[in-house]
Structures are given as C-alpha cells and as structure tokens.
Amino acid sequence: MTDTAPYSPYDLATEAAAKLAELTGVERHDIALVLGSGWLPAADMLGEPIAEIATTDLPGFSAAAVAGHSGKIRSIRSGDRTLLVFLSRTHYYEGKGVDAVVHPVRTAAAAGARALVLTNGCGGLNPAWSPGTPVLISDHINLTGRSPIVGAHFVDLTDLYSSRLRAAAKELDPSLDEGVYVQFPGPHYETPAEVRMAGIIGGSLVGMSTALEAIAAREAGLEVLGLSLVTNLAAGISDQPLNHEEVLEAGRAAATRMGELLTRIVPRI
Ligand code: 8IG
C-alpha cells in the first residue's frame, strides 16, 4: 500500500464507504455492479431500490461526463443480498487519473463487497456479434500502459475474470460467447489497423474501460465477472462509421435480455 504517501486512495475509499453506509442506511453491500454504456436500462430489473444517491455525495467521486451515463449510485435489495450499483463510471480518458477510475471499485471493497460485476459497451471483432449481443469477458489486454497499483505489489491476474462465475453465466444462458477485452485509452475509437492489431494479439472486444477496474478489484480480493455489450462492430469490421447514438440504441434494444441476465446471475454469485 502507499504508507509513505501523504494521502492514500484506499483511505479515501474507506471514507466514501462510511459515507455511503450513512446516506443509504445500508451497513454493508455484498455485490457491486458497474453499469457501462447501454446497461443502464438493466438497473431497474435488479431488485427493490433501497436508496439512490449522487456519486458526488461521496468523497472522491466527480460528476459523470458522458451522455447516457448517470452519476448515481443505487443501493438495491436482491433476495438476501444488498447490491451496490454504480450507474456510471469514470473513464481513463477523462484525465482524472487512474485512482479516480478505480475509486468505485475500492469503495465497493471498503463497503464489504466480495464480488464485482463490470459491464461495458464496446466494439466487437467477431462479425457474428451483431449490435446488442452480450459477451462474457474471459480475459483482458490492458493497452493503457497504466496500473491502478503503485509500488512493489505483484498482484496475480490468473483467472481475473472468474471462471466460476463465467460457468454460472453460461449455465443460465448457454448462447453466451466469451471474448478477450482490449482496453484502449480512448476517447477516440480505434483505427481499422488498431482493430486488426487487437485481433492479432488475441483480443475480440475493444473498449475504453474495465481492465483497470478489474485489476483494482483483484488487488482488493474481489471476485470479478465481466460482461460486454457489443454495441457496434469495431472500426473496419463493417463498412459503417461508429457513432455514440448507435451505442445507446443498442443498449435500449438489448435491455431486457441484459437485465434478466444480470438479475439471474446475482443469486449465483
Ligand atoms: I460503446 O468500438 C463502444 N466503446 N475503444 N471501441 C472502443 N470503445 C468503444 C467502442 C469501440 N464502442
């Protein structure tokens, strides 16, 4: 940890978790979910909302920057579990630093969560994945060149995306494919050549989030489930240009399937 630093992001997360417990009245959250582009409509299917707060009510969070991302955190009861649902995330491309990107993950860990579901909207390299196809993340390639961890803390990332949770998800929906998620820094989309490179190095999904958060989650000892919603074919895979409206539309169209998927997976975590 950062015991010589004047301020520690872990301490800030502990403060955020304390404030979260105070504002929601929920002492402890069991499972955290981060809803990425296109996943927001799934939130309403997850269970009974206990409380909803603005991210900016908690120490260390800043306002959401992207259309279709709402800067809210919802506390939800689902059976005997309490869920902590982040309805938006901070992206690396916002330039607020890696600590800001992974602050929700560290806050969730400090709030007692033992599992984290990371969702995102992304581009797909497999032409069979039409917009609106959910894909399980089996592994990632982090092309940001950054880590959320500072110092000689050599965290093992084998089985980062829990094979147990992937198997459970596939039991619920046998049609789910798996893919390797490549996190680019963004905010521009890839060139067709970069998409080809992503495929050559073993990737099949391209996006601008998730990998750094998954690393921080593993550092914190959380079990991670990663779910991508392919909202567009990656650049050059189809002859269509990419646009953000297409992303939002794919999410709306796939909302029920993804909401059901998430809702049914939660009890298996
Ligand atoms: I939604 O095609 C969404 N996010 N890098 N590439 C990258 N990020 C994305 C894409 C995409 N689609």
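Against the list (1) within 8 Å of the ligand (Cβ to nearest atom); (2) not in a loop (DSSP other than H, G, I, E, B), the condition L242 fails is (2).
Among the conditions (1) crowded, with 16+ Cβ neighbours inside 10 Å; (2) touching a Gly at 6+ places or on another chain (Cβ under 9 Å); (3) of a type in the set (V, I, T), I149 misses just one, which is (2). Evaluating H103 against the criteria (1) outside any loop (DSSP other than H, G, I, E, B); (2) crowded, with 18+ Cβ neighbours inside 10 Å; (3) in contact with a strand residue (DSSP E or B) (Cβ under 6 Å, 6 or more places away or on another chain) leaves one unmet condition, (3).
In summary, L262 fulfils each of the numbered conditions (1) surrounded by fewer than 23 Cβ atoms within 10 Å (Cβ to Cβ); (2) under 17 Å from the mean Cα position of the chain (by Cα); (3) away from the ligand (no atom under 12 Å from the Cβ); (4) assigned to a helix (DSSP H, G or I) with the single exception of condition (1). Those strands (runs of 3 or more DSSP E) of the stretch 122-234 in which 3 or more residues are more than 16 Å from the ligand (Cβ to nearest atom) occupy 133-142, 223-233. Filtering R74, R81 for residues that are away from the ligand (no atom under 13 Å from the Cβ), crowded, with 21+ Cβ neighbours inside 10 Å, of a type outside the set (A, V, I, L, M, F, W, C) and under 18 Å from T24 (Cα atoms) leaves a single hit, R74.
Count of the stretch 147-180 residues, restricted to those that are more than 24 Å from G124 (Cα to Cα) and without any contact (Cβ under 8 Å) to a residue 24 or more places away in the chain, is 2. State yes or no: is A254 part of a helix (DSSP H, G or I), within 16 Å of the ligand (Cβ to nearest atom) and surrounded by fewer than 23 Cβ atoms within 10 Å (Cβ to Cβ)? Judged against the criteria, A254 is not a match.
Pull up the stretch 227-269, narrow it to residues that are among the hydroxyl-bearing types (S, T, Y) and closer than 19 Å to P192 by Cβ, then point me to the one that is modelled with the highest pLDDT.
Looking at the filtered set, the residue picked out is T231.
The values are calculated or read from the model by the stated rules, or taken from the named source; none is laboratory data. As the structure is a prediction and not an experimental result, all values here were calculated from the model. Every residue, glycine among them, receives a Cβ derived from its backbone with ideal geometry; neighbour counts consider all protein chains shown.
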